[in-house]
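Right, one structure below, let's go through it.
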Amino acid sequence: MTPKACKITLDQWNKQYELLCSSGIKQPDYGGTLGRHFEDGDTRLRTLQFDNSAAALRLWNFLLTENERLHKARANGKKIVGTMKDLGTIPVMVYALQNAIAFYPDGAWWTPCIMETNEGLFKITDSLGIDESFCPVRAMLGAFLNEEHFPVADILICSTGAVCDDFSAIAQRLESLGFKINWWEMPHRRKADKNQDSINLPGGFSTPATQIEFVKSELENIRSLLETLTGEKLTDQKLIKVIAKANVVRGLLAELRHIVFTAQINPLPALEMLIAEMLAIHFCSDIGETILVLQDLLKEAKLRIANKEGVSNKNAAKIFWVNPVADLKAMNLLEECGGRVCGTDYLFTHALDTIPTDIAPMEALAQMALADGMAGSSFDRAERICQDIEKFGSEAIIISRIPGASHCAIEGTIIADIVKQRLRIPTLEIEIPTLSDGLQQPIKNRIEALIEVVLQRRQK
Amino acid sequence: MICAGIDAGSRAIKIALIDADNSTIIATDVTDQGVAQENLAKNLFENILKKNSISRKEIGAVIATGYGRNAISFADKTITEITCHAAGVKHFIPDVRAIIDIGGQDSKLIRLNENGCIEDFAMNDRCAAGTGCFLEMVSKKLSLTLHLLGAVAKESKKPASISSMCVVFAETEIVGLMAEQRSPADIVCGVQNAIASRILSMAGRNMPTEIIFTGGVAMINGMDTAIQKTFERPVKISPQPQMTGAIGAAILAIKHYKTTSN
C-alpha cells in the first residue's frame, strides 16, 4: 500500500505505522515506530511535520538509531573512528577497512534541536567556557562528556586550518579535557600562480598541484593511523572499492536532488531531503544501509512524480536554501509559507560530487577535500550556488545563518550580493537559532514576504 | 464599494478606508497596540465605520498586515508589511525605487524595479538596534517624550558615538554618556545616527538615488536627516508615513475584491 503523499505529525505517524505494517512493509532491524524516539522525553520531534512514506520512516529510524548502531559495532569488536570537521573524506577511508566504523560527532549539533528536553548539552559546554557565542556544534562537547549520544571513539580525527575557526576552538577545548585528537590540516584553496601546475577539482574549482600534494601527505598520515588502529592494511585496492561505493551514495543523492528539485510538484519535503543529503558526509555509520535508504527514497520520489502527487502546492515558490539549519522546524516552515526547496548548499556540496576514479585513490580523496566549499573563498562558493540556481530554476534564495558560526558571519552577505548581481533574484538572509520557537513569527514573516515577492515577479 | 486595510504593528494598529472606484483615501485612524489585539483592531474598524457613517455591508474586502495580522480573524486575507508598504508608497509616489520603513519593532528596506515590482528587501534580524524601539529606550532614559526627540536632537553640537549593533549594549553606553554629562541632544542625535548606520549595513550596495522614508519613526524629526547623511542621498518622507502599511493593505484589498467578486 502506498499512502497519498502528505506531511503528518509524530502522533499521526503512530496510526500510519499501523497501516503500513498491515500492508506488509518490510522493515530493517532498526525499524519500528517513530514515536519510540521520544519516549524518553524528546518532545521536540512532536513539533515537526514528517513525510508519511515508508521510505521516510526508514530514513528517520536510520538517523535516530545511530547511537545503538555504534554501540553494537563496538560490542562486535569494531573500532570506532570519530571523524570531526570532515565533510566526506576520512569516513570514506574508514569504510575501506573491515574492522572499523566511522561516525560524525559534529552531528550532535542537532541534538538540542531534536531533543528539546535535553538542554543539558549546552549547560555542560557553558560550564566549560564554550558559550552561545560559538556555533551550536558546541553541543558536541557536552555529548562527549555525558556519553549519552555516542560512545567514546577509539580514535578522533579532526581537520583544521581553512575549515571552521569555531570548530577548531571547540575541538581544542575537547582535547584539553583529555580527548586525544589527531589533527590534519586543510590549506585555504587558492588558484595556482603563473609558474605552478594547476589541477582542476570536482565542482569546477582549481588549485595548485602543490596543495594536492600537501593534502595527500596529510591523508597518508591518517592512513597510517587507521592501519595502526585496526591492524589492517589500507590498500589502494580497498580504497578504490570504497570510493565506488561512496560514489553510489553520491550518485543516488544527485539523482534524488535532481528529480525532487525539478519536479513540477515537489515529491519530498525539504526536511527529509536535508536529512538525506547529510548522509553523504558520514553515512550515518553504515554505508551499505545508506544506499538502501536512499534507494527507497528515490523510488518513492519517482512514484510520486509519476502519480503527479507531492507535498507542496504546484505553484509553490522555488527556493534555493543555503546552509543547514540548527532548528529543523525551519524546513517545515518554508513549506507552510508556500515555498519548496529547489536547490541547496548545505556547506558540503563537494560531498555530493563524484569522487574521481581515473586517478590514484589518495589523489582523488585529496582533490575532494580541497573541493570543499568551506576551504575556498566565499566567491567560489557563491559561483557554484549561482550555477545550481540556474540548473534547478530557483526563483529566490534563502541564506540561513547559524548563530555564532564563524564561517557564516559575513559569508551570507557576500553570497547574497553576488547572487543578486548575477541573477537578479530576491535574496533573504535569516538567522535560525537552535530552538527558534520564540522567533517563529518573525522568521515566518520574512519567508512569507519573500514568497510574496516571488509570486509578484511571476505576474509581471 | 469601499475597501479597508489594517496594519497591526507592534506599537500601534492603523486602519485606512479607500474608495475602490477612484482609490481615494476616505479615512484613516490609529490606536495603541495591546494584549487583546483582535478586539483592539475590531473596535478601531467599527469606530472608523461609525465616524464616517459607513455600514459593514459597504466594505468589499479587508486586508490585514503587520506583525499581528494573523490575529485579525475578520480580515479576508493577510499580506506581509513588505508588500503593503510598497503598495502604500507607490500610491503616493508611483516612481518610487527604494523605501525605508522603520517601525516599532523592525525596520525594512525595499527595492523596487522600474515596473514598480518589488525586486528585493532586507529586514533587521534579531536586534532592535535599527528600530523605533531604540528611540523609545533613549526617550525613557532621558525622560523625554518621543515627539520631542527631534527638537532635542537638532540642538546637538557633537553627536555621541553609539553602538549600532545592540540596543542592550547601547543602553549601557547611554548610561555611561549620561554619567560623563554629555548633553541629551548629543545622545539623541547619536542614537538617530546609530539607527541610520544599522539600516545602511542592512542595505548593502546599489542603493537607488532617492529613498522614500515611511513608518512611525519617520514622524520623528531628525530621523530623515540622519538617514540622508548616512546614505549620502536624498530622503523624502512619504505622505502619512505611519499609515503607509494600512493604505497599501487597503489598495491590495481593492485588487482582492475585484479578483474575487468577478
Sole residue being within 24 Å of A:Val137 (Cα to Cα) and within 11 Å of another protein chain (Cβ to nearest Cβ), chosen from A:Glu448, A:Glu429, A:Glu411: A:Glu429
Check on A:Ala301, among the small types (Gly, Ala, Ser), outside the structural domain of A:Leu87 (by TED's automatic domain parsing), part of a helix (DSSP H, G or I) and modelled with pLDDT of 95 or more: yes
Test set (1) in contact (Cβ under 8 Å) with a residue 12 or more places away in the chain; (2) more than 23 Å from the chain's Cα centre (by Cα); (3) under 24 Å from B:Leu142 (Cβ atoms) - B:Gln181 fails condition number: (1)
Subset of the range A:182-198 (residues that are under 15 Å from A:Lys85 (Cβ atoms) and either over 33 Å from the mean Cα position of the chain (by Cα) or in a loop (DSSP other than H, G, I, E, B) (or both)): A:Pro187, A:His188
Selected residue (criterion: surrounded by the most Cβ atoms within 10 Å (Cβ to Cβ)) from residues of the range B:164-211 that are more than 15 Å from B:Gly130 (Cβ to Cβ) and in contact with a Pro (Cβ under 7 Å, 6 or more places away or on another chain): B:Cys189
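Residues are listed down the side, and each one gets a yes or a no for (1) touching a residue at least 24 places away in the same chain (Cβ under 8 Å); (2) of a type in the set (D, E, K, R):
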position	(1), (2)
A:Met362	yes, no
A:Leu365	yes, no
A:Ala371	yes, no
A:Arg381	yes, yes
A:Ile398	yes, no
A:Arg424	no, yes
A:Glu429	yes, yes
A:Pro433	yes, no
A:Pro442	no, no
Strands (runs of 3 or more DSSP E) contained in the range B:61-153 and holding at least 1 residues more than 10 Å from every other protein chain (Cβ to nearest Cβ): B:98-102, B:107-112
Any hit, the range B:228-236, residues being in contact with a Gly (Cβ under 8 Å, 6 or more places away or on another chain) and not assigned by TED's automatic domain parsing to the domain that holds B:Thr65: no
Index of the failed condition, A:Phe392 passing every other in (1) within 9 Å of chain B (Cβ to nearest Cβ); (2) touching a residue at least 40 places away in the same chain (Cβ under 8 Å); (3) surrounded by fewer than 22 Cβ atoms within 10 Å (Cβ to Cβ): (1)
Selection count, the range B:13-46, where residues are open to solvent by less than 10 Å² (accessible area, probe 1.4 Å) and closer than 23 Å to B:Ala128 by Cα: 1
Residue in the range B:197-209 that is nearest to the other protein chains (Cβ to nearest Cβ), counting only those that are more than 30 Å from B:Asp29 (Cβ to Cβ) and within 18 Å of the chain's Cα centre (by Cα): B:Met202
Scan of the range B:212-250 for residues that are over 17 Å from the mean Cα position of the chain (by Cα) and open to solvent by less than 40 Å² (accessible area, probe 1.4 Å), ordered by number: B:Thr230, B:Phe231
Single match in A:Arg424, A:Arg458 (criterion: out of contact with any Asp or Glu (no Cβ under 7 Å at 6 or more places or on another chain), facing chain B (nearest Cβ under 8 Å) and open to solvent by 40 Å² or more (accessible area, probe 1.4 Å)): A:Arg424
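A quick yes/no check of all residues on (1) within 25 Å of A:Tyr104 (Cβ to Cβ); (2) open to solvent by 70 Å² or more (accessible area, probe 1.4 Å):
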position: A:Asn14; (1), (2): no, no
position: A:Glu18; (1), (2): no, yes
position: A:Thr47; (1), (2): yes, no
position: A:Leu70; (1), (2): yes, no
position: A:Arg74; (1), (2): yes, yes
position: A:Lys78; (1), (2): yes, yes
position: A:Thr83; (1), (2): yes, no
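The values are calculated or read from the model by the stated rules, or taken from the named source; none is laboratory data. On a predicted model such as this, the values are computed, not experimentally measured, just so you know. Note that we place each Cβ from the backbone using ideal geometry, even for glycine, and neighbour counts take in every protein chain shown. Each accessible area value is taken on the protein alone, full model and side chains, heavy atoms only, with ligands, DNA and RNA left out. Shrake-Rupley method; radii C 1.70, N 1.55, O 1.52, S 1.80 Å.
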